[in-house]
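Structure, as structure tokens:
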Amino acid sequence: MPASFSDRATQALPWPARAANRTGALLRELGLALGDLDPAKMRAAAIVLAGSDDFGDADFEPGLAAVIASAERDARLSLIGRLGIREAIVNALANRLLRVRARREAPQAFAEKLTPPLIVLGLPRSGTTLLHRLLALAPRARPLHYWELRRPLPAPDGDDRLSWARHQQRSFKWLARGLDAKHFSGPDAPEECLFLFDSCFVSATFWIAGPLYGYLDFYLGADQFGPYRSYREYLELFQAQTPGHRLTLKAPVHTAHVPALRAAVPEALLIQLHRDPRPAVASANSLFETLHRVVTDELDCARLGHANLNLFATGIDRLLAARSALPDGAIYDVYYDDLVADPVGTVRGIHEHFGLPFLAEYEAQLGAFVRDNPRHKHGKHSYAAEDFGLTDDAVLARFRAYVERFPRVLRHAPG
């Protein structure tokens, strides 16, 4: 029987990690700070990794400053948390250096015409991962895998990106007990394209990585058009690697930024997942709790719950406003209960809507994937609004406009 991950006791870090955090706290009291977030030192580390020192335009500076300030001021990071955030920042800076150099040295790659990419968006925990992985099985589909999303370009001294991702995920899953039951992934599995925004430092990645509340406020107020232009550059690079293939992508973060997405990638074929916001928000909060407990010993679950409720509802409100200006059919709607009840038929409907071929071999692959990946394969995920200082009624009230626009989301569906 698969395990059920709802008990807070399952969230405790392994004892060696707890011991390391205690040691780190003692050293900080003695003035010996490990996990230094000094921007100059992190830039220097990124320059060594990338073999370049040209960061391009300075438009990333406000976001970098916001990440560092929030990490120092309001995230209450443990030693492991500080080391993790530092690695994320250095990695993002190195990715920026590599992208700027590629733009300078191989401009032809950025001129590649995009085959209209399929992009899945919608509420988190609404079936986006399942649908994305089904669409990624299509002939000539080009999903982006975790290892290449985290490091889109290889360093000049060799391409160790896959081995790095294997080590990184193995270490993180050892720390984040129960993660696979909530969101199963792997170093070479299709993953969310939100990581492509990291090098601009306007990215939800930094909020997902830890309770950086100040940074979340910055992110919600930041201009998105510049980061989405950089996002398109990455898509052009990936398209150049596999001409004739269709980039097949997903990220719930796009939900809040459809105008910027459409401005940067007007070719995109957009699919929105819909689900009752009550289980969606509760499930997302449970996932965030697992992620945030890795980096802090002082997690305020009620604060986390209210922050995510505002984040997700703001995204939906922005999408509703954007959709009011779009022609009918510009975004194809898929409902969570339909996807769960008939995954193959749902994918067939998407292909028919966008005029894409749906071959018998693909249908067989879809059926095999569904059989081999039943729900709860990696453990049952249990969650409740009350665990995060919320109630179902409060969540529903915050999503009132969404429910009125898409009343089907309240139809009974599997949890």
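Whether a residue is closer than 24 Å to residue 347 by Cβ, among the aliphatic types (A, V, I, L, M) and modelled with pLDDT under 95 was assessed, and residue 141 does not pass this test. Could you list, in sequence order, all residues of the range 260-281 that are surrounded by fewer than 24 Cβ atoms within 10 Å (Cβ to Cβ) and over 22 Å from residue 248 (Cβ atoms)? Residues satisfying the conditions are 278, 279. Of the set (1) of a type outside the set (Ser, Thr, Tyr); (2) under 23 Å from residue 258 (Cα atoms); (3) in contact with a Gly (Cβ under 7 Å, 6 or more places away or on another chain); (4) part of a helix (DSSP H, G or I), all apply to residue 306 but (2). Restricting the range 365-382 to residues that are exposed (fewer than 12 other Cβ atoms within 10 Å of the Cβ) and of a type outside the set (Lys, Arg) leaves a set whose member that is modelled with the highest pLDDT is 368.
Taking the conditions (1) over 20 Å from residue 308 (Cα atoms); (2) crowded, with 17+ Cβ neighbours inside 10 Å; (3) of a type outside the set (Ser, Thr, Tyr); (4) in contact with a strand residue (DSSP E or B) (Cβ under 9 Å, 6 or more places away or on another chain) in turn, residue 150 satisfies each one other than (4).
State the number of residues belonging to the range 53-108 that are more than 27 Å from residue 293 (Cα to Cα), outside any helix (DSSP H, G or I) and among the small types (Gly, Ala, Ser). Here the count works out to 2.
Conditions tested, residue by residue: (1) assigned to a helix (DSSP H, G or I); (2) closer than 17 Å to residue 271 by Cα.
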position: 313; (1), (2): yes, no
position: 328; (1), (2): no, yes
position: 337; (1), (2): yes, yes
position: 363; (1), (2): yes, no
position: 371; (1), (2): yes, no
position: 387; (1), (2): yes, no
position: 390; (1), (2): no, no
position: 394; (1), (2): yes, no
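Whenever a residue of the range 12-27 is under 9 Å from residue 80 (Cα atoms), its partners that are part of a loop (DSSP other than H, G, I, E, B) and at pLDDT below 90, lying with C-beta atoms within less than 7 angstrom and at least six residues away or across chains, give the pairs 21/297; 24/34.
Of all residues in the range 109-126, those that are small (Gly, Ala, Ser) and in a loop (DSSP other than H, G, I, E, B) total 1. Within the range 247-280, being among the small types (Gly, Ala, Ser) and assigned to a helix (DSSP H, G or I) holds for 256, 260, 263, 264, 280. Restricting attention to the range 24-69, the residues that are at pLDDT 95 or above, of a type in the set (Gly, Ala, Ser) and surrounded by 13 or more Cβ atoms within 10 Å (Cβ to Cβ) total 11. Report yes if residue 35 is assigned to a loop (DSSP other than H, G, I, E, B), free of Cβ contacts under 8 Å to residues at least 40 places away in the same chain and either over 17 Å from residue 201 (Cβ atoms) or within 23 Å of the chain's Cα centre (by Cα) (or both), otherwise no. Taking the combined requirement at face value, the residue does not satisfy it.
Across the range 170-203, the number of residues qualifying as outside any loop (DSSP other than H, G, I, E, B), surrounded by fewer than 20 Cβ atoms within 10 Å (Cβ to Cβ) and within 16 Å of the chain's Cα centre (by Cα) comes to 3.
Conditions tested, residue by residue: (1) closer than 14 Å to residue 38 by Cα; (2) at pLDDT below 95.
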site	(1), (2)
71	yes, no
75	no, yes
87	yes, no
102	no, no
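Is the range 8-18 home to any residue that is surrounded by 13 or more Cβ atoms within 10 Å (Cβ to Cβ), among the hydroxyl-bearing types (Ser, Thr, Tyr), in a helix (DSSP H, G or I) and within 24 Å of the chain's Cα centre (by Cα)? Within the range 8-18, one or more residues are surrounded by 13 or more Cβ atoms within 10 Å (Cβ to Cβ), among the hydroxyl-bearing types (Ser, Thr, Tyr), in a helix (DSSP H, G or I) and within 24 Å of the chain's Cα centre (by Cα).
The values are calculated or read from the model by the stated rules, or taken from the named source; none is laboratory data. The structure presented is a predicted model; accordingly, all values stated were derived computationally and were not measured. Here Cβ is always computed from backbone atoms with ideal geometry, including for glycine, and neighbour counts include all displayed protein chains.
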